[in-house]
Every structure is written in structure tokens, then in C-alpha cells.
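Structure first, commentary second.
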Amino acid sequence: MATYDRNDLPIEEWLERIDPRVVKRVLTIGLPIVVLVVAMASSVYTVAPEGEALVKRFGAVVAQQPPGLHWKLPFGIDRAYFVPTQMVLKEEFGFRTLRADQKTTYDHQDYPGESLMLTGDLNVIDVDWVVQYHIRDPNLFLHRVRYPEKTIRDVSESVMRRIVGNRMGSNVLTVGRTEISQLAKEKLQTILDRYQIGVEINAVELKDVTPPRPVQKSYNDVNVAQQEREKLINQAEQERNRRVPRAEGEAQKLVAEAEAYAAERVNRAHGEAQRFTSIYEEYRNAPDVTRRRLYLETIDTVFPRLAALYVIEEGQPHPLPLLNLSPGPIPPLTEGGSR
């Protein structure tokens, strides 16, 4: 039996062989199915957890959808545009991050057009910084300005150059970095709010502030010398703080001892004078009794110091030893009976 290949027939004969009932059946059943599948595929969309979706209908925003599964009009009538409102975005100046994982990799290529700046004392420094922000209003972010990322970069660079240009180079390189970051964040937010760009600045961080490469070695030598100078000054201050308080303490000790000694002598002198005055008053009231008391007190003080005691009786040629207070021999008397 002979067979015919469709490809061997002219198009006109091939169309004549098609049964019109089959074509009608295909159009009646298959076309709605195709239209339904296309409609379903173009009307269902998913919004990722990192952001929201703006739904536009013929170019006009009609809805702002949160993360999840949503529906829209099919066949391109509604279009969904994803905006990462929950992500922290960043713009880098003076460097680029090649890969951010467990070990972040940076591009070491120089970007002098972004990082080189002139300070207020006419010095040139290399400033690398990062601007971190998130999208606060997706509608404003997409439609207020043509290129929002470029606008953020241009404004950030303008603000940073103005702040650095109003400061001394040494301040930017050392203690002024935190203040510069905070001031840049405030000024950048103010300008972007004026532009109604729909973003909020989270942080402006100075990553690296150094002199330009050609002068870095000389600058490092100067820093080493300054650090050595500060070290010697600190050592001198430490030695001074150790010795001066000790000397002051010793001086105060000597002054206190002298004052105590003076007070003791004065008080003793006052006491002796008072004692003498009291004795004199008693002597005036009873001279005999006072004279005898003074004599007895003197004898009581002198006798214990004597080595021997002699009692001389009037009319006797020799003294009579009464009490030998010394274990040694009694010394001889001199002429006149005195020892």
C-alpha cells in the first residue's frame, strides 16, 4: 500500500486534506485551555521575604504587597516590581567588596576619584567609607528620581568632601572619625529627605583614612616619632607623679613633726612656768613649810644618786659611816668633811 508524506505535498493540498471539524474542535477546546494557562501563569506571583512588591496597572501604582503569594490581573495588565525594603543596602567609596562570606574579599584597586580629598589645612588624604541604608518608601524610591542609587552616591560624596574640607587633616586621620561619621549621616539624611527619595540612612562608616600612597612611608615615620615622643612624655609624667607626691608627703611629715615638737616645748614651758608660779604662791603663803618640802624633795631626788652616805656629828674628829649604798670601798673625805 502506498503512503504519502505530508512534507512531499504542496501546502494547498495539505490544507485541503485537513478536516474542518477537527480544526473547530481544537479551537473550541484547546484555545481556552491555553488562554487559561497563560492567564494563571501571568496572574500569580510571589514576593520574597526580603522586601515588598509594587503593583502597577498601565504604569500607575495600584497596590503595595507584603511578602507572600499574591494575585494580579493577567496578560501584562498588572506588573509587579520587587523592592528590597527589608534588606540593608550599601554604597562603597574608595574600595569594592568582591565577595562577602566567611572571609570577605576586597578589591584592592584604587579609586582616587572617590577617595582622595582636600582637608582644611590643604593636605590630601585618602578616605574610604561605606553608606548603609534601607528603602523606607518603595514608591518614592522607584519613581521620585531616575537613578536613586547614583543619587545616593553623588550626595554622599558631596557631603563627605564638604565635611573633610572643613577640618584639619590630623583631626580626620585621628580623633575626628567618629564625629565625621555621625555628622555625615545627619547631613546625608537631611538632603535625601529634601529629595524625597524614600530611603533611611542606617550608618556612615569610615573604613580607612590614610595619607595618599606616595607619602604613606613618610607619614608612618612621623607617626612613629610622635608615638615615641608621647611615650617619653608619659614616662616623664609617670616619674613625676611618683616622686612629687613622695616629696610632698615627706615635707608634710617634717612640718608636722616640727609643729608637734614646738607644741610640746611650748606646752612644757607653760607647764614649768605654771608649776613654778604655783610653788611660789605656796611659798608666799607658808614659807617654812614650803622650804622644808622643797628640801625634802631635793634630798629625795639627790640621795638615790649617791654612792655612800656620811653623817657628821659636830665635835667628832671623824665621820661615822651610817649607810653604805655602794658595794665598793667608801671613798675618802676631803678636807672640810666634803666628798
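Scanning the stretch 100-124 for residues that are over 11 Å from residue 164 (Cα atoms) and either of a type in the set (Val, Ile, Thr) or modelled with pLDDT under 70 (or both) returns 100, 101, 102, 103, 104, 105, 106, 107, 108. Name every residue in the stretch 189-245 that is assigned to a helix (DSSP H, G or I), surrounded by 11 or more Cβ atoms within 10 Å (Cβ to Cβ), modelled with pLDDT of 90 or more and hydrophobic (A, V, I, L, M, F, W, C), in order of residue number. 191, 192, listed by residue number.
Figure legend. Inter-residue proximity from the stretch 209-229: first residues over 14 Å from residue 169 (Cβ atoms), second residues at pLDDT 80 or above, beta-carbon distance below 8 Å, spacing 6+ or different chains. Indicated pairs: 213/126.
With the requirement that a residue be in contact with a Phe, Trp or Tyr (Cβ under 6 Å, 6 or more places away or on another chain) and closer than 28 Å to residue 210 by Cβ, what does the stretch 128-170 give you?
The initial filter retains those residues of the stretch 128-170 that are in contact with a Phe, Trp or Tyr (Cβ under 6 Å, 6 or more places away or on another chain), namely 128-129, 135, 148.
Matches in the stretch 128-170: 128, 129.
Give, as residue ranges, the strands (runs of 3 or more DSSP E) completely inside the stretch 74-175 that count at least 2 residues that are of a type in the set (A, V, I, L, M, F, W, C). Reasoning before the result, please.
Numbers: elements: 78-83, 89-93, 96-99, 105-107, 116-118, 124-135.
Hits in the stretch 74-175: 78-83, 89-93, 116-118, 124-135.
The values are calculated or read from the model by the stated rules, or taken from the named source; none is laboratory data. Remember, predicted model here, so these are calculated numbers, not experimental data. Note: ideal-geometry Cβ built from the backbone for every residue, glycine included; neighbour counts use all protein chains shown.
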